[in-house]
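To keep things clear, I will list the structure first and then write my remarks on it.
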Amino acid sequence: AVAPPPNPAPMEAPAALVPSDAPTETAAPRRPRRTKTRESPPPTAKDSLAEEVALLARAWASIREGDAPPALAALAEHERRFAGSAMVEERAAAKTIARCMQRPESAAELAASFRNRHPASPYLGRVERTCENPRRDEG
């Protein structure tokens, strides 16, 4: 039987033919770059505050226009997304006013409930005035 020929020794390319950035035999092989799918960065406190203020502004604008349903929808979203908000009192005032607009027959009771929960609120006068005449908030 004939033995297979021995493996020839690897030949080195002449230095002039090897690019200067070519990996050497001792260098670790390069890994292909992974392309990561970029997710949106987590919202910053500034972004969250801007979103929170925008929702409340949308609610107040609807209230000024005399349109309670979109105001209540914006306030429900605000409550869902920002349950522990520092603006909970403002949200409660806007919600009370929108409910007074929607149910004028319950306006006095709604205003009294707000007054009991937030007796020192800067929104109390506005809630009481609007709930006395709940057709439209004049802001």
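Tabulated results
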| item | result |
| --- | --- |
| Subset of region 104-132 [outside any helix (DSSP H, G or I) and either modelled with pLDDT under 95 or more than 21 Å from Pro70 (Cβ to Cβ) (or both)] | His118, Pro119, Ala120, Ser121, Pro122 |
| Count of residues meeting criterion [closer than 16 Å to Arg129 by Cβ and either in contact with a Phe, Trp or Tyr (Cβ under 6 Å, 6 or more places away or on another chain) or crowded, with 16+ Cβ neighbours inside 10 Å (or both)] in region 63-89 | 1 |
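The values are calculated or read from the model by the stated rules, or taken from the named source; none is laboratory data. The structure displayed is predicted, hence computed values, not measured ones. Because the Cβ atoms are built from the backbone with ideal geometry, glycine has one as well, and the counts that use them run over all protein chains shown.
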